[in-house]
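The values are calculated or read from the model by the stated rules, or taken from the named source; none is laboratory data. Here the structure is a predicted model, which means the values were calculated and not measured. Glycine also receives a Cβ, built like all others from the backbone with ideal geometry; neighbour counts cover every protein chain displayed. Just so you know, the surface numbers come from the protein's heavy atoms only, side chains and all, with ligands and any DNA or RNA stripped out. Shrake-Rupley method; radii C 1.70, N 1.55, O 1.52, S 1.80 Å.
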Amino acid sequence: MEAFKMTDNVIGFRFGNPVETGVIQGEKTQVEVNLPIELREEGGRISFTLKLTENDRVYGLGPNLGGINKRGRIYESYCTDDPLHHEDKTTLYGAHNFFVLEDDDVATGFFIDFPGRVKYDVGFTTLEELQVEIHGQDFDIYLLEGASIKEIVASFHKLAGKPYMPPKWGLGYFQSRWGYQTEEDVKKVYETFKEEEIPLDGIYLDLDYMEDFKDFTLSEERFPNFKDMALKMKEEGVRLIPIIDAGVKIEEGYPVYEEGIKGDHFVKDKDGKPYVAAVWPGKVHFPDFLKEETQRWFGDQYKILTDAGIEGVWNDMNEPAIFYDETSLQEGVEAAILAQGGNLNVNAFFSLRDKFMNIGNKLEYYRRFFHEIGDRRLTNEEVHNLYGYMMTKSASLGLKKHLGKRHVLISRASSIGMHRYGGLWTGDNSSWWSHLSLNLRMLPSLNMSGFYYVGADTGGFGGHVSGELLTRWLQLSVFTPLLRNHSAIGTRVQEPYAFGDVLTRANKKHIERRYMLIPYLYSEMLKTYETGGMMFTPLAFEFFGEEAQQAEDQMLLGEELMLAPVVSQNAKGRYVYLPEDMVLVDFKKYDSSLTLLKDGVHYVSYSLEDLKFFLRRNRLMPYTMPSQTVKDQDLSILKVLGYVDTEAVYVLYDDDGESFGYEQGKIYKTTLYARKLETGGMKVEAKSNHPDLQTVNFTLMDGTGEIWNEEVKVQRG
Ligand code: GLC
């Protein structure tokens, strides 16, 4: 074992000869320290146990099932395509090995830098034990100390590097559906949004824009005017965002396949031949994204899309998901032929059925193909969680090179490190109320892992959504940086206008309010880029006490807001826990209403038309008037809602929304200030270097519940 100090509060411990994952940045200084945890070795795996007292909480582990506090379940870091995430699932699409163990006095962060499977039994088998099992012997463990969870998270973000920042249009509303099969389908959606005057910044294109599911091809038959359409819509501020899958179709004459073979870019089987698996197009090879040459080669393919006016992409099936491989399909077919005409008893029938029912994503597939890393040859299973991360890195490098400005990029599979290259959606969920509440609970652990440009398939991907569920989901998703309504083929249509007049009106209002919130949300994204830390914070990270720890269906957003969405059916409202006095905001285009509430538990009515949230004491939240697209936002007048008991400041960050200038600090800053005067008045000020901003309108509630409406001209500076 080797130990190295990263900062005063972070020490890393190296065991064996780990694969370089590129996650941790920064200088390592060798030190003589022992890991204060006892490791056990059994069957090539290393495990350790942490004691849990009754009051210990465990937070993190990225996009997983379970609560915000992860106790009471088993989780596994192993990127898996499993759309029906029922209660008993242990793995989802991302593998994030960062967690914090906290009791009432101390908190310790753990990051296990290991690309294979890691299992966490968080008090499931034994109530007072957290057992970690690493499926290998070559890894780094980092221990992070700090005065609070927030401090530990911020120091982890320093080590893991700054996050991907989407262009500002990436914060708009996006419509998607696996089922928009032709140019006409897409145009119809676009036209309907225009007719209904529902804001829209883009339409995601699923598989059908391609020819025979081949990456980097455009279907002549279904999308004959792809480029024309993409450019025309972009002029109106509405972008097309096509999908790219990990598997490359095996087909003579298909340039990506032929170049891949020629350049030796595909993962190999045990005999050194390109491994054959099957996904959408039938048989495919998988690019070996773990090789830098392959990252560059595949990244350059995105030029075909950027040349056609594309500025955003979603990378899918990159766990990688496998429908079947040749060996397993052959076994199934042979078993079926043998069974033909036979009389199958229960065992014979189940055995035959399993050959096909469980043929997707079998564990053995990932042992049948290999990656070459330096002079090492490793099975995919050993480095599995790097695959989606490295595909996203490849896309990010390619898009950056060929576009020359910021792009939208989301991936389905993820692990920590990928946050520097792209955002993510949480994978295939279902139109279930439980997945709406899961969406809320996942947000802070994604932020802990460094991912901010995140969102779930709003409305749910699989299953038929009810109008009520979609509207409730929008009431949450309008706050998530990625806001995309996406659904699977064969399910009930899910556009915001598909559920009758009443709900169309409600959904339209929610999407408009999202556009009103963009200055604030975008500012919070830029701030996390600058300082690390979290955008969505559980109450337990900010307030002491059992009530705050239990309030897992509420969330702080930035330092200003508290969200308490409705996540259950037929609800007319809900109980909300206020850890301190707050102002309830009934957010509207004109005349939002503010109500001062004392700390404690309150019942709050919350209809489908409402968008409600809470403003914290001495905080200001800027917003703007709605627009049809992000590009049409008018930033000359800013509005501010606030709860000012004594004094409040908010610094609004903004930039040009598309260049990489923010990396060099090219950020506009607007300081908004309000102070309750002892003489009884309210003093407000706004100072800014934003070229567009002229006037700020404040609507503030003071500690007595009185409302102050003040307008000021912006001072330059
Ligand atoms: C996968 C994706 C989903 C997409 C579908 C078809 O299931 O997760 O979002 O619609 O593939 O491409």
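Before we move on, is residue 601 without any contact (Cβ under 8 Å) to a residue 60 or more places away in the chain, among the hydrophobic types (A, V, I, L, M, F, W, C) and open to solvent by 60 Å² or more (accessible area, probe 1.4 Å)? Criteria met by residue 601. The listed residues are 204, 209, and the only one of them that is touching a Pro at 6+ places or on another chain (Cβ under 6 Å) and of a type in the set (Phe, Trp, Tyr) turns out to be 209. Only a single item in (1) touching a residue at least 60 places away in the same chain (Cβ under 8 Å); (2) closer than 29 Å to residue 5 by Cα; (3) more than 16 Å from the ligand (Cβ to nearest atom) is not met by residue 147, and it is number (1). Residues in the stretch 306-325 that are out of contact with any Gly (no Cβ under 8 Å at 6 or more places or on another chain), within 16 Å of the ligand (Cβ to nearest atom) and more than 13 Å from residue 286 (Cα to Cα): 313, 314. Highlighted here are the helices (runs of 4 or more DSSP H) found entirely within the stretch 176-263 that include at least 2 residues which are within 16 Å of the ligand (Cβ to nearest atom): 183-196. Inside the stretch 19-43, residues that are outside any loop (DSSP other than H, G, I, E, B) and in contact with an Asp or Glu (Cβ under 8 Å, 6 or more places away or on another chain) make up a count of 1.
Within the stretch 72-89, being more than 16 Å from the ligand (Cβ to nearest atom) and over 22 Å from residue 419 (Cα atoms) holds for 72, 73, 74, 86, 87, 88.
The criterion of at least 1 residues that are over 18 Å from residue 80 (Cα atoms) and open to solvent by 30 Å² or more (accessible area, probe 1.4 Å) is met, among strands (runs of 3 or more DSSP E) falling completely within the stretch 274-360, by 282-285. Within the stretch 387-436, the residues that satisfy the criterion of being of a type in the set (Ser, Thr, Tyr) and either within 16 Å of the ligand (Cβ to nearest atom) or modelled with pLDDT under 95 (or both) are 387, 392, 411, 414, 426, 430, 431. For residues that are within 17 Å of residue 22 (Cα to Cα) and in contact with a Phe, Trp or Tyr (Cβ under 9 Å, 6 or more places away or on another chain), scanning just the stretch 156-178, find the one that is surrounded by the most Cβ atoms within 10 Å (Cβ to Cβ). So the residue we want is 156. Residue check: is residue 460 at positive phi, buried (at least 24 other Cβ atoms within 10 Å of the Cβ) and within 16 Å of the ligand (Cβ to nearest atom)? Considered against the rule, which asks whether it is at positive phi, buried (at least 24 other Cβ atoms within 10 Å of the Cβ) and within 16 Å of the ligand (Cβ to nearest atom), residue 460 comes out as yes. The strands (runs of 3 or more DSSP E) found entirely in the stretch 511-588 that carry 3 or more residues being open to solvent by 10 Å² or more (accessible area, probe 1.4 Å) and at negative phi are 573-578. The single residue among 454, 383 that is under 19 Å from residue 479 (Cα atoms), surrounded by 22 or more Cβ atoms within 10 Å (Cβ to Cβ) and out of contact with any Lys or Arg (no Cβ under 9 Å at 6 or more places or on another chain) turns out to be 454. Summed over the stretch 473-507, residues that are more than 16 Å from the ligand (Cβ to nearest atom), of a type in the set (A, V, I, L, M, F, W, C), in a loop (DSSP other than H, G, I, E, B) and closer than 26 Å to residue 522 by Cβ total 2.
Per-residue answers, yes or no, for (1) among the aliphatic types (A, V, I, L, M); (2) touching a Ser or Thr at 6+ places or on another chain (Cβ under 9 Å):
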position	(1), (2)
447	no, yes
452	no, yes
471	no, no
476	yes, yes
484	no, yes
489	yes, no
499	no, yes
505	no, no
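Of all residues in the stretch 103-154, those satisfying the criterion of being in a loop (DSSP other than H, G, I, E, B) and in contact with a Phe, Trp or Tyr (Cβ under 7 Å, 6 or more places away or on another chain) are 114, 117, 136, 137, 138. The numbered conditions (1) open to solvent by 20 Å² or more (accessible area, probe 1.4 Å); (2) touching a helix residue (DSSP H, G or I) at 6+ places or on another chain (Cβ under 7 Å) are all true for residue 153 except (1). Under the condition of being open to solvent by less than 10 Å² (accessible area, probe 1.4 Å) and hydroxyl-bearing (Ser, Thr, Tyr), the residues counted in the stretch 482-510 number 1.
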